[in-house]
Amino acid sequence: MTPDSSSLAHTLLHAPGWARMGLTAPNQRLREQAAAELAETIIDALARPQAAHDARQMPLPL
């Protein structure tokens, strides 16, 4: 299954904060660790089946 941009963005936003911030670190080793963590997060999200939307479920306003 090919992910859409919305699900990929959701996955990235819910990745560990240190990994998202780590991409901008001045230390190359930390950037590499952060990139590996984000890659694992994306792979895990792709491997996990997405829940089907139930039309009977009412959306809650934020």
What number, rounded to the nearest 500 deg cm²/dmol, is the helix-based mean residue ellipticity at 222 nm of the chain, given -39500 (n - 2.57) per DSSP H run of at least four residues and division by all its residues? -17500 deg cm²/dmol
With a 1.4 angstrom probe the carbon and sulfur portion of accessible area for the stretch 13-62, in percent, totals 61 percent
Considering the chain as a Gaussian network with a 10 Å cut-off on Cα pairs, which listed residue, Leu12, Leu30, Leu38, attains the greatest mean-square fluctuation? Leu30
Could you state the accessible area per residue of the chain in Å², with a 1.4 Å probe and every protein chain left in place? 88 Å²
With Cα atoms, 0 to 90° folded angle of helix 28-47 axis to the chain main axis: 20 degrees
Over the stretch 1-49, what portion of Cα pair distances is larger than 16 Å, expressed as a whole percent? 39 percent
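The values are calculated or read from the model by the stated rules, or taken from the named source; none is laboratory data. Small disclaimer: the values here were computed from a predicted structure and weren't measured. Ligands, DNA and RNA are stripped out before the accessible areas are found, and what is left, the full protein with its side chains, is counted by its heavy atoms. Shrake-Rupley method; radii C 1.70, N 1.55, O 1.52, S 1.80 Å.
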